[in-house]
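One structure is given below, encoded as structure tokens.
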Amino acid sequence: MFKTALLGATLLVAGVAAGTAMADTLADVKKAGVFTVATEMQFPPFDFLENNEYKGVDKDLFDEVAKELGVKAKYMDLPWTSVLPGLEAKKFDLVIAPVTITKERTKRYAFTVPISEATAALMKRADDKTINKPEDIAGKKVGGGKGTSQLAQVKEYGQTLPTPPDVREYVDSNQSYADLAAGRVDASVNSLPNLNFAAAQRKDTFAVVLPPFGKPSYFSWVGRLDENDKSLVEAVNAALVKIQKDGRMATIQKKWFGVSQELPTTVPEPQL
């Protein structure tokens, strides 16, 4: 009787272990032949809609990753505030919205190797003669995307100035840019690549304030920290490194940024 019970318990444990081993997101993705990812398509040049067609750095880059994995890419468009919660709820497999690597986020999410530089900077109106360096935003109105690392950084930076700026939160960066152009805010905060792109598109309207005020940082894609998702993130990393080494990443960067970037091939220790 004891041996029978022991055997049954052993088989139960083995069955649970086998079931756990079988739960692998990468295997599920390859079996389905579809890799479902999410982003907010209001963050040019990384993600945006043009004539209802999804374009940008992340689209071009993830298309290449999907080819490397032998699967089709399925893209979901969500508000930024819903992207990370949706990942945790397992509504899709990976976040390809560019997410700044921070110490707090690494406790909760698995980051891929960087897909872009992400240092926080400021943009002003092109005819504004009062803002010539980051410190000049003291006492002024600054807009940025709600829930972004860049918005958090400008709030922290503002506390070091004689008069902190009036920081205003927007649903997305495009709304912040619209208010900047209209004179409702004096500056917009975002990553340097985003601002360079926005200013290049509207040279008569915007100008980037240099140097950037933020600490050097990087954008990455985000997966879950679950053991079941580990192989998926590792496969994406391997694909990204290959794409960087064979020159495809540089081609995509030049297309959208005008220049290529040297990026780490491992996940860097965050400074933020």
Per 0.36 nm of contour for each residue apart, how much would the distance between Lys141 and Asp204 grow if the chain were fully extended, relative to their Cα-Cα spacing?
20.6 nm
Per residue, how many Å² of accessible area does region 196-272 show with a 1.4 Å probe?
54 Å²
Once you keep just the Cα pairs under 8 angstrom separated by 6 or more residues, what percentage relative contact order results for region 32-135?
29 percent
Give me the lysines in straight-line cross-link reach of Lys91: C-alpha distance below 21 Å, same-chain residues under 8 apart excluded.
Lys30, Lys31, Lys59, Lys72, Lys74, Lys107, Lys230
Can you give the relative contact order of region 139-272 as a percent, counting alpha carbon pairs under 8 Å and 6+ residues apart?
21 percent
Using a 1.4 Å probe on the protein chains only, how many percent of the accessible area of the chain belongs to carbon and sulfur?
54 percent
Output the antiparallel fraction of DSSP beta bridges having both residues in the chain, as a percent to the nearest 5.
60 percent
Please give every one of the lysines within straight-line cross-link reach of Lys133, meaning a C-alpha to C-alpha distance under 24 Å, and leave out same-chain neighbours fewer than 8 residues apart.
Lys124, Lys141, Lys146, Lys155, Lys203, Lys215
Using a 7 Å offset from Cα along Cα-Cβ at Ala32, what residues in region 72-105 end up with backbone N under 18 Å from the label point?
72-78, 83-97
Under the rule a/c < 1.5 gives rounded, and otherwise a/b versus b/c splits prolate from oblate, where does region 159-217 land using the Cα gyration tensor?
oblate
Here, Thr160 and Asp127, labelled 7 Å along Cα→Cβ, have an inter-label distance in nm of 3.3 nm
Expressed as a rounded percentage, what relative contact order does the chain have, with Cα pairs under 8 Å and six or more residues apart?
26 percent
Mean projected area (nm²) of the alpha-carbon convex hull when region 73-222 is viewed from all directions:
9.1 nm²
Summing -39500 (n - 2.57) over every DSSP H run of at least 4 in the chain, dividing by its residue total and rounding to the nearest 500, the 222 nm mean residue ellipticity is -12500 deg cm²/dmol
Under 13 Å from a label point 7 Å along Cα→Cβ of Ser260: give me every residue in region 178-205 with its amide N that close.
none
Read-out mean projected area of the Cα convex hull in nm², derived from the coordinates shown; its label in (1) 13.3; (2) 17.4; (3) 19.2:
(2)
For region 78-123, with every protein chain kept in place, what is the accessible area per residue (1.4 Å probe, Å²)?
35 Å²
Distances longer than 18 Å among the Cα atoms of region 151-272: what percent of all pairs is that?
65 percent
Among Gln201, Gln42, Gln153, whose mean-square fluctuation peaks in a Gaussian network model of the chain (Cα, cutoff 10 Å)?
Gln201
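The values are calculated or read from the model by the stated rules, or taken from the named source; none is laboratory data. Predicted model only: the values in this text are computed from it and were never measured. Ideal geometry is used to build each Cβ from the backbone, glycine not excepted, and the neighbour counts take in all protein chains shown. Side chains are part of the model used for accessible areas, which takes the heavy atoms of the whole protein and leaves out ligands, DNA and RNA. Shrake-Rupley method; radii C 1.70, N 1.55, O 1.52, S 1.80 Å.
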